[in-house]
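K.L.:
Dropping the structure in here first, questions after.
The values are calculated or read from the model by the stated rules, or taken from the named source; none is laboratory data. Given the structure is predicted, the values throughout are model-derived calculations rather than measurements. Note that each Cβ is placed from the backbone with ideal geometry, even for glycine, and that neighbours are counted across all protein chains shown.
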Amino acid sequence: MSEIGIGIVGGGYMGKAHSVAMSAVGAVFNTALRPRLEMICASSKESAERYRQAYGFRRATDDWRELVKDPAVEAIIIASPQSTHRQIAEAALELGKPVLCEKPLGASMEDGRAMVAAAEASGLTNMVGFNYVRTPATQYARQLIANGEIGEITWFRGEHTEDFYADPQAPATWRTTGMANGTIGDLAPHIVNGALALNGPIAEVMAEVETVHHTRPGGTVTNDDHAQIMCRFKNGTMGNIYVSRIATGRKMGYAYEVSGTKGAIRFDQEDQNALWLYRHDGPEATRGFTKILTGPAHPDYEPFCQGPGHGTGYQDQIIIEAKDFLQAIHSGQDIWPTFRDGHEVNRVLAASLASSERRQWTKVDDF
């Protein structure tokens, strides 16, 4: 068992989540590498020091370059705005330091390509922070599909729906400015990543991306409220994805249905400890979806709790992610999703935006 110095760029919502995860992961999973909270970086000296005290870091800075260059910082977590991802990742990788970067990867397709190139040239551990696919239920769904338990996939439906902007009178903020902060930039990456995880690469898309409320108190809206994406997967199956920040009543609607020739799977993140499984066997009178409550028999559950049905939560997803990052560093073996996997999400979304503009089916491989 050995220590590894962790540096986190960004101390806000995700910076806190990663700090808590790195504090807890060794105790939860008994990892071979034990994180040491070495340094945290924020936009000002005052906020950095506040985060240092709150989260338990040894030191704080308002300069990410200082954090990346520090010899005691041996692995980097990027939890800062997308526009900063590329610079930080490239600098860290050049100095031989593994990187976990929050989604989506970079602020542009050019950024994503450059980050993939830098990561693969370095040969170092690199991961993108897609946490929702790490729930025990969704990990189990992936296992069921991979093992052929529901047969050949025939259809996929996914959504990521929330309602934090359902009220037209909700004021304009940074979230209503710039495509990176819109629904395609913010919510869509998670469920597109989920679609890729469950059903493989997407070949082409037909999308509509729409702003419903063009003005809000205090400003003009310059990004999208919701989008629908019809897709054809490379395995031949068809699917559709809907993403929205104006889906009244939905709080964490990361949900999917996968149909196969022998069964089907349903999942909804608002009930993240349950997976619904249908098996196309037995008498017709007794067939139906079975609710499976996650427990110690499912992936990454038992380290948190030995009681079935007791459940895991959002923060536990980030702890599982931290475990995977540390395991990848220790083993030298990549753990999905890497920067390349994260950039595949970028490609699907770039194709979707182009499709919406062109009003036609668009191939992902063109991006």
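K.L.:
Name the residues in region 139-169 that are among the aliphatic types (A, V, I, L, M) and under 20 Å from Met238 (Cβ atoms), would you? Full working, then the answer.
P.N.:
So in region 139-169, the residues among the aliphatic types (A, V, I, L, M) come out as 141, 144-146, 150, 153, 166.
Answer for region 139-169, where residues must be among the aliphatic types (A, V, I, L, M) and under 20 Å from Met238 (Cβ atoms): Ala141, Ile145, Ile150, Ile153.
K.L.:
Give the residue, chosen from Lys97, Lys45, Lys69, that is under 17 Å from Ile329 (Cβ atoms) and out of contact with any Gly (no Cβ under 7 Å at 6 or more places or on another chain). Give the steps one after another, and end with the answer.
P.N.:
Values: Lys45 fails: under 17 Å from Ile329 (Cβ atoms); Lys69 fails: under 17 Å from Ile329 (Cβ atoms).
Criteria check complete, one pass: Lys97.
K.L.:
For region 137-154, enumerate the residues that are touching a strand residue (DSSP E or B) at 6+ places or on another chain (Cβ under 6 Å) and on the phi > 0 side of the Ramachandran plot.
P.N.:
Gly151
K.L.:
Can you tell me how many residues within region 286-298 are more than 21 Å from Gly151 (Cα to Cα) and not polar (S, T, N, Q)? Show your work before the answer.
P.N.:
Kept after step one, since they are more than 21 Å from Gly151 (Cα to Cα), are these residues of region 286-298: 293-297.
Add one more test, that the residue is not polar (S, T, N, Q), and what stays is 293, 295-297.
Number satisfying all stated conditions: 4.
K.L.:
How about region 200-243: which of its residues are more than 29 Å from Pro168 (Cα to Cα) and touching a Lys or Arg at 6+ places or on another chain (Cβ under 9 Å)? Working first, answer last.
P.N.:
First, the residues of region 200-243 that are more than 29 Å from Pro168 (Cα to Cα): 200-205, 231-239.
Across region 200-243, the qualifying residues are Gly200, Pro201, Ile202, Ala203, Glu204, Val205, Met238, Gly239.
K.L.:
Does region 324-352 hold any residues that are aliphatic (A, V, I, L, M), under 15 Å from Pro104 (Cα atoms) and out of contact with any Lys or Arg (no Cβ under 8 Å at 6 or more places or on another chain), and which are they?
P.N.:
Val348, Leu349, Ala350
K.L.:
Kindly indicate whether any position in region 339-346 is in contact with a Ser or Thr (Cβ under 8 Å, 6 or more places away or on another chain), among the charged types (D, E, K, R) and at pLDDT 95 or above. Before the answer, list the steps.
P.N.:
Step one: list which residues in region 339-346 are in contact with a Ser or Thr (Cβ under 8 Å, 6 or more places away or on another chain), which gives none.
No, every residue in region 339-346 fails to be in contact with a Ser or Thr (Cβ under 8 Å, 6 or more places away or on another chain), among the charged types (D, E, K, R) and at pLDDT 95 or above.
K.L.:
Next up: Being under 28 Å from Arg359 (Cβ atoms) and out of contact with any strand residue (DSSP E or B) (no Cβ under 8 Å at 6 or more places or on another chain) narrows it down to one of Asp186, Asp167, Asp225, so name that one. Break it down into steps so the answer makes sense when it comes.
P.N.:
Numbers: Asp167 fails: under 28 Å from Arg359 (Cβ atoms); Asp225 fails: out of contact with any strand residue (DSSP E or B) (no Cβ under 8 Å at 6 or more places or on another chain).
The conditions single out Asp186.
K.L.:
Restricting the search to region 191-220, which residues are part of a loop (DSSP other than H, G, I, E, B) and either more than 30 Å from Gln143 (Cα to Cα) or without any contact (Cβ under 8 Å) to a residue 12 or more places away in the chain (or both)?
P.N.:
Restricting attention to region 191-220, the residues satisfying the condition of being part of a loop (DSSP other than H, G, I, E, B) are 200-201, 211-214, 217-218.
Hits for region 191-220 are Thr211, Val212, His213, His214, Pro217, Gly218.
K.L.:
Take the residues in region 84-133 that are of a type in the set (D, E, K, R) and over 21 Å from the mean Cα position of the chain (by Cα); name whichever of them is surrounded by the most Cβ atoms within 10 Å (Cβ to Cβ). Can you show your working first?
P.N.:
Our first condition is that a residue be of a type in the set (D, E, K, R); within region 84-133, this holds for 86, 90, 94, 97, 102-103, 110-111, 113, 120.
When the remaining residues are screened for being over 21 Å from the mean Cα position of the chain (by Cα), the result is 94, 97.
Working: Glu94: 13, Lys97: 22.
If we take residues in region 84-133 being of a type in the set (D, E, K, R) and over 21 Å from the mean Cα position of the chain (by Cα), then Lys97 is surrounded by the most Cβ atoms within 10 Å (Cβ to Cβ).
K.L.:
For region 286-329, name all the residues that are at pLDDT below 95 and of a type in the set (D, E, K, R).
P.N.:
Selection gives Arg287 alone.
One line per residue, one yes/no per condition, for (1) in contact (Cβ under 8 Å) with a residue 60 or more places away in the chain; (2) in a helix (DSSP H, G or I); (3) not assigned by TED's automatic domain parsing to the domain that holds Gly112:
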residue	(1), (2), (3)
Pro296	no, no, yes
Pro299	yes, no, yes
Pro303	yes, no, yes
Gln317	yes, yes, yes
Leu326	yes, yes, yes
His330	yes, yes, yes
Ala354	no, yes, yes
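K.L.:
Within region 66-81, is there a residue that is surrounded by fewer than 19 Cβ atoms within 10 Å (Cβ to Cβ), within 18 Å of Asp111 (Cβ to Cβ) and under 20 Å from the mean Cα position of the chain (by Cα)? If you could, list the steps in order and put the result at the bottom.
P.N.:
Kept after step one, since they are surrounded by fewer than 19 Cβ atoms within 10 Å (Cβ to Cβ), are these residues of region 66-81: 66, 69-72, 81.
The next check asks that each one be within 18 Å of Asp111 (Cβ to Cβ); those that pass are 81.
From the residues that got through so far, the ones that are under 20 Å from the mean Cα position of the chain (by Cα) too are 81.
Among the residues of region 66-81, at least one is surrounded by fewer than 19 Cβ atoms within 10 Å (Cβ to Cβ), within 18 Å of Asp111 (Cβ to Cβ) and under 20 Å from the mean Cα position of the chain (by Cα), which makes the answer yes.
K.L.:
Would you say Ala54 is out of contact with any helix residue (DSSP H, G or I) (no Cβ under 7 Å at 6 or more places or on another chain) and more than 20 Å from Pro189 (Cβ to Cβ)? Give the steps one after another, and end with the answer.
P.N.:
Working: out of contact with any helix residue (DSSP H, G or I) (no Cβ under 7 Å at 6 or more places or on another chain): yes; more than 20 Å from Pro189 (Cβ to Cβ): yes.
When the stated conditions are applied, Ala54 passes them.
Conditions tested, residue by residue: (1) outside the structural domain of Asn193 (by TED's automatic domain parsing); (2) within 17 Å of Ser259 (Cβ to Cβ); (3) of a type in the set (A, V, I, L, M, F, W, C); (4) in contact (Cβ under 8 Å) with a residue 60 or more places away in the chain.
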residue: Met115; (1), (2), (3), (4): yes, no, yes, yes
residue: Arg142; (1), (2), (3), (4): no, yes, no, no
residue: Ile153; (1), (2), (3), (4): no, yes, yes, yes
residue: Arg157; (1), (2), (3), (4): no, yes, no, yes
